[in-house]
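Q: Questions regarding the structure given below will be posed in turn.
The values are calculated or read from the model by the stated rules, or taken from the named source; none is laboratory data. Fair warning: this is a prediction, and the values are worked out from it, not measured in the lab. Note: ideal-geometry Cβ built from the backbone for every residue, glycine included; neighbour counts use all protein chains shown. What goes into the accessible areas is simple: the full protein's heavy atoms, side chains included, and nothing from ligands, DNA or RNA. Shrake-Rupley method; radii C 1.70, N 1.55, O 1.52, S 1.80 Å.
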Amino acid sequence: MKLCFLSGGTGTPKLLRGYSKINPDFSVVVNIAEDVWISGNKICPDIDSVVYAIADVIDDSKWWGIKNDTFITHRRLKELGFEEEMIIGDVDRATHIARSEMLRNGFTLTEATRAIKNAFGVKAEVLPVCEEEVSTYVKTPKGWLHFQEFWVVERGKPEVEKVEFRGIEKAKLTKDVKRAVIESDAIVIGPSNPVTSITPILEVGEMRKMLKDKFVVAISPIVGKKAVSGPAEKLMRAFGLEVSASGVAECYSDFLDLIVVHEKDDCEFKHVKTNILMKCREDEIRLAKFLLDVIGQNF
């Protein structure tokens, strides 16, 4: 069975690592609206977390960066009076440098991503949803902040009044993304933030329209009334969504066929229940197998 996942940088990479142990042949369409340029290099947090997770090199104590990385360059830059918005590891930085040099030399982001994931030995297709620049901004009492400024610099503390995706109206699905969706047997929306991780994928071009012709299953990133990780609660409320599995389903309701919710939760949408928490590698594989069984029952 050929699956195509929609992914942000938290939650879904755990599932992808588990699924890759069962079947390495799949596609992932990844959010790029949190990308940012730092120290002359393009940082693609969600793409890198997906690649690092599947390659099993991610620092899974934080779920970003590379395990056992050092931070010599970052510290030295700070000593020189140059503050970086993100804490970037030395090995991780090599990925950003390689990507940025490829982009400066005429590669598309899709081509650069393919070269990087191949270098990490990842067999799955990892595809940025578009080539155009799209940026997530959140309106707070401090004004409009880029998502990375909100989440990294401000640590997600300000209240969120509004969310917008700047540049989304000009973005187009790449031919590789279209092919991945069309050729898939089913689409899986991973347990990433439905507002800032998944919606910037859904709003590109004709993605929502294409998904109406596919079997789509989502996995809730909400347990009870709480997000498993990240700032999803604030963002969902600002987006007019209830913080619950039902709120997640509402976000995808125009094309969603089924949602997987936590075993103790209920949902107004058609759903199945299981333990959606992934606290260890065994949990990741368990949830991936459950997902395959659910999809198999619908074919």
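Q: Any idea which of 251, 235, 65 is furthest toward the positive side of the dipole for the chain, if Lys and Arg beta-carbons carry +1 and Asp and Glu beta-carbons -1?
A: The one lying farthest along the dipole's positive direction is 65.
Q: Between beta-carbons, use under 11 Å as the cut-off and find the net charge around residue 126, counting Lys and Arg +1, Asp and Glu -1. Display every interim value, and only then the final one.
A: Details: positive: 114, 117, 123; negative: 46, 48, 125, 176.
Net charge around residue 126: -1.
Q: Could you state the per residue volume, in Å³, of the convex hull enclosing the Cα atoms of the stretch 97-150? Before the final figure, lay out the partial values.
A: Details: hull volume 6.1 nm³, N = 54.
Cα convex hull per residue, to the nearest whole number: 113 Å³.
Q: Where the centre of each part is set by its Cα atoms, how far does the stretch 216-230 sit from the stretch 78-141, in angstrom?
A: Result: 26 Å between the Cα centres.
Q: Can you tell me the convex hull volume per residue for the chain, based on C-alpha atoms, in Å³ to the nearest whole number? Before the final figure, lay out the partial values.
A: Numbers: hull volume 36.6 nm³, N = 299.
For the chain, the hull spanned by Cα atoms encloses 122 Å³ per residue.
Q: Considering only the other residues whose Cβ falls under 11 Å of the Cβ of residue 28, what net charge follows from Lys and Arg at +1 and Asp and Glu at -1?
A: -1
Q: Treating only the Cβ atoms of Lys and Arg (+1) and Asp and Glu (-1) as charged, compute the dipole magnitude of the stretch 1-71 about its Cα centre; round to the nearest 20 debye. Don't jump to the answer; show the numbers that get you there.
A: On the way: 7 positive and 9 negative charges, 42 e Å.
The calculated dipole for the stretch 1-71 is roughly 200 debye.
Q: Given a Förster radius of 25 Å and the C-beta distance between residue 212 and residue 272 as r, what FRET efficiency does 1/(1 + (r/R0)^6) yield to the nearest 0.05? Walk me through the numbers on the way to the answer.
A: On the way: r = 21 Å, r/R0 = 0.84.
The calculated FRET efficiency here is 0.75.
Q: Could you work out the local net charge near residue 44, counting Lys and Arg as +1, Asp and Glu as -1, over the other residues with Cβ closer than 9 Å to its Cβ?
A: Working: positive: 42, 99; negative: 34, 35, 46, 48.
My count for the surroundings of residue 44 gives -2.
Q: A further question follows. Enter the accessible area per residue of the chain (Å², integer; probe 1.4 Å; all protein chains in place). Mind dumping the intermediate values first?
A: Numbers: 13040 Å² over 299 residues.
Here the per-residue accessible area is 44 Å².
Q: Summarise the accessible area of the chain (1.4 Å probe, protein heavy atoms) by the percent that is carbon and sulfur.
A: On the way: 6620 of 13040 Å².
Carbon and sulfur together cover 51 percent of it.
Q: Same structure again: I need the Kirkwood Rh of the stretch 93-191: take the reciprocal of the average 1/r across all distinct C-alpha pairs and report it in angstrom. Let's see the in-between values first.
A: Values: mean 1/r = 0.0625 Å⁻¹.
Taking the inverse mean of 1/r over all distinct Cα pairs, the stretch 93-191 comes out at 16.0 Å.
Q: Cut-off under 12 Å on the C-alpha distance; same-chain residues fewer than 8 positions from residue 212 excluded. Which aspartates and glutamates are left, in chain and number order?
A: Cα-Cα hits under 12 Å: 254, 257.
Q: Out of all DSSP beta bridges in the chain, what portion is antiparallel? Express it as a percent rounded to 5. Intermediate values should be presented prior to the final figure.
A: On the way: 16 of 38 bridges.
Antiparallel bridges make up about 40 percent of those DSSP assigns within the chain.
Q: Obtain the radius of gyration and the Kirkwood radius of the stretch 149-299 from its C-alpha atoms and give Rg over Rh. Walk me through the intermediate numbers first.
A: Numbers: Rg = 15.7 Å, Rh = 16.3 Å.
So for the stretch 149-299, dividing Rg by the Kirkwood Rh gives 0.96.
Q: Mind checking the dipole of the chain: about its Cα centre, +1 per Lys or Arg Cβ, -1 per Asp or Glu Cβ, Debye to the nearest 20?
A: Working: 42 positive and 46 negative charges, 49 e Å.
The dipole magnitude comes to about 240 debye.
Q: Scan the chain and note any complete DSSP helix (H) whose C-alpha atoms cover at least 20 Å along its axis and whose Kyte-Doolittle average is -1.0 or more.
A: Details: long enough: 90-104 (21 Å, -0.71); 281-296 (23 Å, 0.12).
Passing helices, by number: 90-104, 281-296.
Q: Work out the charge dipole of the stretch 9-134 with +1 on the Cβ of Lys and Arg and -1 on the Cβ of Asp and Glu about the Cα centre, then indicate which of 50, 103, 81 is farthest towards its positive end.
A: Value: 50.
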